[in-house]
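A short worksheet on the structure shown next.
The values are calculated or read from the model by the stated rules, or taken from the named source; none is laboratory data. From a predicted model like this one, the values you see are computed outputs, not experimental measurements. All accessible areas refer to the heavy atoms of the entire protein, side chains included, with ligands and DNA or RNA removed. Shrake-Rupley method; radii C 1.70, N 1.55, O 1.52, S 1.80 Å.
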Amino acid sequence: MKKSTGFLLGIGAGVAAGAVAGMMAPQNSRRAVKKQMDHSIHKLGTAVEQAVDSAASSMG
């Protein structure tokens, strides 16, 4: 239980630090970061989808 609590506190602190840094960044910089994050999330989603498809095909 302590390990998961520490992990969640660390995630929360990271999110809060990112939010503060994002508010302090200039507007055009925020747009660039948002575009980059959208691209990264899309790539991650594609990778997860391929992994699930691969696991499902190997099972059945």
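Worth pointing out:
- Selection from segment 41-50 of residues that are of a type outside the set (D, E) and open to solvent by 60 Å² or more (accessible area, probe 1.4 Å): I41, H42, K43, L44, V48, Q50
- Filtering segment 16-34 to residues that are under 13 Å from the mean Cα position of the chain (by Cα) and open to solvent by 100 Å² or more (accessible area, probe 1.4 Å) leaves only K34.
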